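A.B. asks: The structure is given below, and queries will be raised subsequently.
The values are calculated or read from the model by the stated rules, or taken from the named source; none is laboratory data. Treat the numbers as computed from the prediction; the structure is a model and nothing was measured. Glycine also receives a Cβ, built like all others from the backbone with ideal geometry; neighbour counts cover every protein chain displayed. Surface accessibility is based on the protein's heavy atoms, side chains included, excluding ligands, DNA and RNA. Shrake-Rupley method; radii C 1.70, N 1.55, O 1.52, S 1.80 Å.
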Amino acid sequence: MIDYKQYNLKEFKLFIQKILDKKYKGKLIYSEIKDKIDVILKNETSKLSAVSFFKTLLIINEDLDKSCKAFFKGHPAFILKTLRQNSNKLDNLFSPLLNSKAELSKACAIKETRLSELFQKRFDELYAYEAFGLSIAIGVNPSKLFEYFYGDGERPIIGLAKQNDGSESAK
């Protein structure tokens, strides 16, 4: 499936540090923002949670979609085949309803057992790279899914992210 180590807490801290240095180094607010981030990330495990990823990017006022694209570069997720548009309007309308967990698992690069756990009882343990993979698989901008899960965002409409040829992936 996926090597989460590319997208772990250590790599995220390096990613955030570069942004902090670029945007806030030498400014009075630098240490205040750094302290807020430290509080959010204090109890994280090596796998970065989706909620901490979201909250950290909000604190530094970064564009979620651009940050996801940069941080998760090379993520193997791809849009579900049933979300790809074709000339059959009936197929386009109902195909998204016909996905199995196995198909979703492949598309978002999350093991099927882990995906089942998330659906059944472990949503609060969703990792950042998993939330990103899910957003790609269902064809929504990552910001919409993160805002729905952890902010005040409305439920995203599946399949509305910009698509090139219907085979867009995170690469």
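A.B. asks: Do you know which residues across the stretch 107-141 are open to solvent by 20 Å² or more (accessible area, probe 1.4 Å), touching a Lys or Arg at 6+ places or on another chain (Cβ under 7 Å) and not hydroxyl-bearing (Ser, Thr, Tyr)?
C.D. replies: Of everything in the stretch 107-141, just one residue is open to solvent by 20 Å² or more (accessible area, probe 1.4 Å), touching a Lys or Arg at 6+ places or on another chain (Cβ under 7 Å) and not hydroxyl-bearing (Ser, Thr, Tyr), namely Glu112.
A.B. asks: What are the residue pairs meeting all of these: first residue in the stretch 74-87, first residue touching a residue at least 12 places away in the same chain (Cβ under 8 Å), second residue in a strand (DSSP E or B) and not charged (D, E, K, R), Cβ atoms under 9 Å, and 6 or more apart or on different chains?
C.D. replies: His75/Ser169; Pro76/Ser169; Ala77/Ser169; Phe78/Ser169; Ile79/Ser169
A.B. asks: So which of Gly133, Gly151 is in contact (Cβ under 8 Å) with a residue 40 or more places away in the chain, closer than 21 Å to Ser46 by Cα and of a type outside the set (A, V, I, L, M, F, W, C)? Outline the logic, then answer.
C.D. replies: Values: Gly151 fails: closer than 21 Å to Ser46 by Cα.
Being in contact (Cβ under 8 Å) with a residue 40 or more places away in the chain, closer than 21 Å to Ser46 by Cα and of a type outside the set (A, V, I, L, M, F, W, C) holds for just one of Gly133, Gly151, which is Gly133.
A.B. asks: Out of all the residues in the stretch 75-87, is one or more loosely packed, with under 12 Cβ neighbours inside 10 Å and under 20 Å from Ile138 (Cβ atoms)? Break it down stepwise before answering.
C.D. replies: Of all residues in the stretch 75-87, those loosely packed, with under 12 Cβ neighbours inside 10 Å come to 86-87.
Those left that are additionally under 20 Å from Ile138 (Cβ atoms): 86.
For the stretch 75-87, residues loosely packed, with under 12 Cβ neighbours inside 10 Å and under 20 Å from Ile138 (Cβ atoms): present.
A.B. asks: I'd like the residue in the stretch 17-66 that is under 17 Å from Gly151 (Cα atoms) and polar (S, T, N, Q) and, out of all such residues, is most open to solvent (accessible area, probe 1.4 Å).
C.D. replies: So the residue we want is Asn61.
A.B. asks: Can you tell me which of Ala70, Ala102 is among the hydrophobic types (A, V, I, L, M, F, W, C), surrounded by fewer than 18 Cβ atoms within 10 Å (Cβ to Cβ) and in contact with a Phe, Trp or Tyr (Cβ under 9 Å, 6 or more places away or on another chain)? Walk me through how you get there before you give the answer.
C.D. replies: Details: Ala102 fails: in contact with a Phe, Trp or Tyr (Cβ under 9 Å, 6 or more places away or on another chain).
Testing whether each residue is among the hydrophobic types (A, V, I, L, M, F, W, C), surrounded by fewer than 18 Cβ atoms within 10 Å (Cβ to Cβ) and in contact with a Phe, Trp or Tyr (Cβ under 9 Å, 6 or more places away or on another chain) leaves just Ala70.
A.B. asks: Here is a list of conditions, (1) farther than 24 Å from Ser46 by Cα; (2) free of Cβ contacts under 8 Å to residues at least 12 places away in the same chain, and Thr113 meets all of them except one; can you say which number that is?
C.D. replies: The one condition Thr113 does not meet is (1).
A.B. asks: Right, Ala170: closer than 28 Å to Lys23 by Cα, modelled with pLDDT under 85 and surrounded by 18 or more Cβ atoms within 10 Å (Cβ to Cβ) or not? Spell out the reasoning first.
C.D. replies: Working: closer than 28 Å to Lys23 by Cα: yes; modelled with pLDDT under 85: yes; surrounded by 18 or more Cβ atoms within 10 Å (Cβ to Cβ): yes.
When the stated conditions are applied, Ala170 passes them.
A.B. asks: Further question on the same structure: Given the options Ala107, Ala102, Ala70, name the one that is aliphatic (A, V, I, L, M) and in contact with a strand residue (DSSP E or B) (Cβ under 8 Å, 6 or more places away or on another chain).
C.D. replies: Criteria check complete, one pass: Ala107.
A.B. asks: A further question follows. For the stretch 118-127, check the following and say yes or no: at least one residue is over 25 Å from Asp152 (Cβ atoms) and part of a loop (DSSP other than H, G, I, E, B).
C.D. replies: Restricting attention to the stretch 118-127, the residues satisfying the condition of being over 25 Å from Asp152 (Cβ atoms) are 120.
Subset that is part of a loop (DSSP other than H, G, I, E, B): none.
The answer is no; no qualifying residue exists.
A.B. asks: Could you check Ala161 against (1) within 19 Å of Phe72 (Cα to Cα); (2) modelled with pLDDT of 70 or more and say which number it fails?
C.D. replies: Every condition holds for Ala161 apart from (2).
A.B. asks: Still on this structure: Of all the helices (runs of 4 or more DSSP H) wholly in the stretch 36-108, which have at least 3 residues that are within 18 Å of Pro156 (Cβ to Cβ)?
C.D. replies: Details: elements: 50-59, 64-71, 89-94, 101-108.
Here the list reads 50-59, 64-71, 101-108.
A.B. asks: On the phi < 0 side of the Ramachandran plot, open to solvent by 70 Å² or more (accessible area, probe 1.4 Å), assigned to a helix (DSSP H, G or I) and touching a residue at least 60 places away in the same chain (Cβ under 8 Å): does that describe Gln6? Break it down into steps so the answer makes sense when it comes.
C.D. replies: Numbers: on the phi < 0 side of the Ramachandran plot: yes; open to solvent by 70 Å² or more (accessible area, probe 1.4 Å): yes; assigned to a helix (DSSP H, G or I): yes; touching a residue at least 60 places away in the same chain (Cβ under 8 Å): yes.
Here the answer is yes, as Gln6 does meet what is asked.
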